[in-house]
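The values are calculated or read from the model by the stated rules, or taken from the named source; none is laboratory data. Please read all numbers here as calculations on a predicted model, not as lab measurements. Methodologically, a virtual Cβ is constructed for each residue, glycine included, from the backbone with ideal geometry; neighbour enumeration extends over all protein chains shown. In case anyone asks, the SASA skips ligands and DNA or RNA and just uses the protein heavy atoms, side chains included. Shrake-Rupley method; radii C 1.70, N 1.55, O 1.52, S 1.80 Å.
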Amino acid sequence: MLFDYGGTLDSDGTPWLERFYPLYRQAGVKAPWEDFRTAFYASDDELPSRAPMAGMDLEATVTSQVRGVIERLSPGNAAAAGAVVEAFLEDSRRLLGRNRPLLERLARRYRLGVVSNFYGNLDAVLGGERLGGLFGVVADSARVGSLKPDKGIFEYALSALGAAPPQALMVGDSLPRDMRGAEAAGLEHAWLSGPQGSSRAACCPRAWVLSSLLDLEVRLEEAARVGRR
């Protein structure tokens, strides 16, 4: 069973870009959406050159990412940067803590892995949040050399787990990266689309749509009951 990280393990279907924007506005940085989006992705691109990523934990990663955005949108605004970092970490850790028992239960029944477009330090992030031991593979795009939706990163994770595509399920929040990538690699997939999930159409006829990561366990139990009939 493979999971995306940002927007999936640390949120119920909302990616970092969309989670960060209201936090900046609450902190007084009132940049238009397109300006913020440009600054966010520019900071993302520069993150590995701003500081060595190896071993960098979640707090340091978020702090560095926010610093790059603030430099573009509100230079010198340390108070806003601190407020954004604190709010984002609080929300992330709330969801990571909520999801940890679920992942622990799943790890007793399945081989788990993470497949994420990240900065090269996802193993350190997971370890720092007490999740690292649950995953048999952490396929971090910066280390694997393949970005979702390319099937190579999925194949890397499956090979590390000793699994074939028909045996695997990919859970993620992004239709173009997680769901389309899983389809291309031949994996079953579950779309974590957020609180409105039950009212959204699936990405394809066979995919599950989840409102919350906690819904995954319910769907697995339902599928198991059907399989026993």
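Would you compute, for the Cα atoms of region 1-129, the largest minus smallest coordinate along each principal axis and list the three values in descending order, in whole Å?
48, 28, 23
Accessible area per residue of region 1-147 at 1.4 Å probe, in Å²?
Values: 6320 Å² over 147 residues.
Spelled out: the 1.4 Å probe surface of region 1-147, per residue, equals 43 Å².
Name the residue, out of THR38, THR14, THR61, whose mean-square fluctuation peaks in a Gaussian network model built on the chain with Cα pairs under 10 Å.
THR38
Under 1.5 on a/c is rounded, so check that first for region 137-177, then, if it is not, pick prolate when a/b is larger than b/c and oblate when it is not; a ≥ b ≥ c are the square roots of the alpha carbon gyration tensor eigenvalues.
Verdict is oblate for region 137-177.
For the chain, with only Lys/Arg (+1) and Asp/Glu (-1) charged at the beta-carbon, what is the dipole magnitude about the Cα centre, in debye rounded to 20?
For this selection, approximately 660 debye.
Before rounding to the nearest 500, sum -39500 (n - 2.57) across all DSSP H runs of length at least 4 in the chain and divide by the residue total; then give [θ] at 222 nm in deg cm²/dmol.
It lands at -16000 deg cm²/dmol.
Springs between alpha-carbon atoms under 10 Å, Gaussian network over the chain: tell me which of ARG109, ARG67, ARG25 tops the mean-square fluctuations.
ARG109
Measuring from centroid to centroid over Cα atoms, what is the spacing of region 202-223 and region 59-124 in Å?
24 Å
Could you please state how large a percent of the accessible area of the chain is carbon and sulfur, counting protein chains only and using a 1.4 Å probe?
50 percent
Considering all alpha-carbon pairs of the chain, what whole percent are spaced by more than 32 angstrom?
Of all Cα-Cα pairs in the chain, 18 percent lie more than 32 Å apart.
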